[in-house]
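*Asks:* Got a structure for you, questions after.
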Amino acid sequence: MKATDKASPEKAAEGLPEIQGALRLAISNIVRALGSVAGVVALLDEAERKPFQLASYGLNKKALAQIGPLIDQAIPQLEADGSSLKVLTELSRQVFQDSTASGLGRFHVVALPLRSEGRLAGLLFLFHPSENPQLIAEHPAVYNIILDEVGIVIQNARLLQRLIEEKRWLEAVIRHSADGILIVDRHQRILGFNPALERMAGWRSEEVHGRSCQQVLRLRSAAGGLDNPLVFLADDQKASRPVEGVLLTRDDRQVNVEANYAVIQGDSGEVLGGVIGVRDITARKEAQELQSTFLSVISHELQTPIAIIEGYAGLLSEEGLHLPKDQLRQKLGVIREESRLLSKMVENLLYASRIQAGGLELRREPVDLPSLVRRVAQRMGHTSRKHTIEVAVPSDFPTVMADYERVQEVLTNLIDNAMKYFPKGGPIRIEGEVRSSEVAISVVDSGPGIPEAEREKVFDRFFRREGGRANIAKGTGLGLFICKSIVEAHGGRIWVEPAPAGGSRFRFTLPRLEPAALPAIASHMFLARTKK
């Protein structure tokens, strides 16, 4: 160990200036009382048994640097020896020689073990002009006086060290807590405001210190305002149960939170202040709403085709029922169509679950997008007589590396979505655009459009627009969520924006395939096919 690294006066003074002053005063008194010329005291860390505090009197920095090896040498010997006197004698003789050689002067160095509660608590080194190594051994009363004076300093130093360390740990816990923590005094003035609450409420700690709690932490519950803990808690309570509510931020945003209140009391029961813990439960609320929406989808969307299938099947199974072939074919067609719808809903639910669990796998290959777009447009065009699908994708569109089936599913969902929310019919246009590092495909309709506040939410699971003509569209609300997951898995982006002539434009991008990579990929695909 280097003295300058572990036990230098500068580093010690940075951490515990109060202990430094007390130790320096004690050393100066001892040095003058014994007729010494200098002294050094080093306290030991209780856990690591290494010096953590160094104070001196009568020595400069260069001389102190020579004490480091002496401290390292003395600690294990003094801890192992009971009386320490013999060890101290031999150690002092060696230090006398070392001090002369290092330029400290011809001083005899006496090393004294400082003990607390039966353990070695520190070391005291006295530089004395006498060459008699038995200075302390022959005067035990002097040793006891030194022990008494320095022992008190050591006990106070250790107590102060523990308090400082506990304070630092407490500050670190509060500072790094994921939950917001607010500390108030008995007058409801803010004393503490941690970074998590700064981010949550939009206030900085230096701005709120000393201000009234109610001015900064504006909490509202379903039943009304949430008061300061000093008002909220009954006299016989020390802490509250978690209360859910809404935090109104500095810029008037609303954040779903859970608040816990606790009163800080003195020894005689008087109120000293309070602590409020605030947890952001936005994610939990969203999960609860998502679960509620899922149950709603199950109970409504899936129930409808099941009821229709059950009704028609029951009708056709009645005894004595004789229907013309065209009516029978029509009713069987309804059963078949509703069965397909039911199967698609269940498939989407399972698909969404796999995506959420990270189970979306892609089989990438070079894809000719113009051909794919035309094929999907032709197929979807046969599903509605009210809608016309126009394709405006250049035939020389660059090749992309993508999963053919997944991209086809994205296009199908976007066209189907446009048809659902524009039931009166009209043109649906598919456009293509080439960019420097990606290509973009747009599905444009002339329907009612999507409000700006909902454009980000439409890609969430189970999200379905409410009000107006949106209510006539059936489905689980998973189509756009699946589209977003597929596009992002390819490294692309998807978003919705207003169409120039009204309606909505859903646009997604896919990374371009570099021309240099085409020959290698084609060769690889040819070899893969020949092996099969």
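*Asks:* What distance in nm lies between label points placed 7 Å from Cα along the C-beta direction at VAL271 and GLU166?
*Replies:* Distance between the two pseudo-spin positions: 2.6 nm.
*Asks:* So for the range 351-455: antiparallel DSSP bridges make up what percent, rounded to the nearest 5?
*Replies:* Taking every DSSP beta bridge within the range 351-455, about 60 percent pair in antiparallel fashion.
*Asks:* Please sort 208-218, 246-256 by packing, taking for each peptide the average over its residues of neighbouring beta carbons within 10 angstrom, highest first.
*Replies:* Highest to lowest by the protection proxy: 208-218, 246-256.
*Asks:* Place a point 7 Å from Cα of LEU315 in the direction of its Cβ. Which residues in the range 332-354 have their backbone N less than 14 Å from it?
*Replies:* Counting only backbone N, you get 332-338.
*Asks:* Need the full-extension length gain, HIS382 to ALA283, defined as separation in residues times 0.36 nm minus the C-alpha distance. One decimal, nm.
*Replies:* So the extension gain works out to 31.4 nm.
All of the numbers you see were taken from the coordinates with simple rules; none came from a lab. All of these numbers come straight from a predicted model, not from anything done at the bench. Positions of Cβ are backbone-derived with ideal geometry, glycine not excepted, and every protein chain shown enters the neighbour counts.
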